[in-house]
1. At pLDDT below 90, closer than 30 Å to residue 44 by Cβ and surrounded by 15 or more Cβ atoms within 10 Å (Cβ to Cβ): is that true of residue 162 in this structure?
2. Of all residues in segment 66-85 being in contact with a helix residue (DSSP H, G or I) (Cβ under 7 Å, 6 or more places away or on another chain) and in a helix (DSSP H, G or I), which is nearest to residue 226 (Cα to Cα)?
3. Of the residues 121, 110, only one is more than 30 Å from residue 209 (Cβ to Cβ), surrounded by 11 or more Cβ atoms within 10 Å (Cβ to Cβ) and at pLDDT 95 or above; which?
4. Between a first residue in segment 116-137 that is on the phi > 0 side of the Ramachandran plot and touching a residue at least 60 places away in the same chain (Cβ under 8 Å) and a second residue that is surrounded by 13 or more Cβ atoms within 10 Å (Cβ to Cβ) and part of a helix (DSSP H, G or I), which pairs have beta carbons less than 8 Å apart while being 6 or more apart in sequence or on different chains?
5. Anything in segment 147-158 that is within 24 Å of residue 97 (Cβ to Cβ) and not in a strand (DSSP E or B)? List them, or say none.
6. Tally the residues that are touching a helix residue (DSSP H, G or I) at 6+ places or on another chain (Cβ under 8 Å), farther than 21 Å from residue 90 by Cα and surrounded by 12 or more Cβ atoms within 10 Å (Cβ to Cβ), restricting the search to segment 229-260.
7. Filter segment 103-132 down to the residues that are assigned to a helix (DSSP H, G or I) and within 27 Å of the chain's Cα centre (by Cα), then identify the one that is nearest to residue 196 (Cα to Cα).
8. Could you count how many residues in segment 159-205 are within 21 Å of residue 124 (Cα to Cα), without any contact (Cβ under 8 Å) to a residue 60 or more places away in the chain, in a helix (DSSP H, G or I) and more than 21 Å from the chain's Cα centre (by Cα)?
């Protein structure tokens, strides 16, 4: 009897040797049982995805990882390191863009009236090369400068603000002075603009701890080894790989017990 079986029997658990169980003597059965317990690890190869030349990261992906909105590191890592074809979606991109542009233009107009020099969208594009060899590609909605004061407002048009929205603005605040965008060399003040309300984010929120969290996540997305998939019903529903991943979860596990 194996050492594992002896240990379980001492704990009061009845264990039959594999040779005594029907079907275990068949090597094919052993393989089938192992596969059921531990399904094959998903990789870019199994999903038939083309790899990028280097890790590419968008701040919105990092923001969702930092806030916990995306906890499946397989999903984040694959999106950052492979070209991912888009699946079907009922998201009305045209309507969103029109609504977002209207809100952006209105706030830019207000800032100009206050004496700011305002830069919008395309003129704010920049790439940041990390020490780990990844490229972070960013494009803040607005960067506004007045004297030695700088603002980085982000326009949101969703039903409500989320924690990841704050994280995204903080990423812009940290990266803008790092690349010297529009001559800015100190951490700017961040803003979330939502339905006419403006929420300020102080520069002191770009702490050493925040920078460390960002660096850890970026490094995790840059390593060669693909992390294991960790599906969950809520996250899988919005995952950009949901149309490719055979490990996705469609429904929340439900159950009942006579003691509760």
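The values are calculated or read from the model by the stated rules, or taken from the named source; none is laboratory data. Keep in mind that this is a model prediction, so the values were computed, not measured. Don't worry about glycine lacking a Cβ; one is built from the backbone with ideal geometry, like all the others, and counts go over all protein chains shown.
1. No: the conditions fail for residue 162.
2. 77
3. 110
4. As it stands, the answer is 133/222, since those pairs meet every condition given.
5. Matches in segment 147-158: 157, 158.
6. 2
7. 103
8. The total comes to 6.
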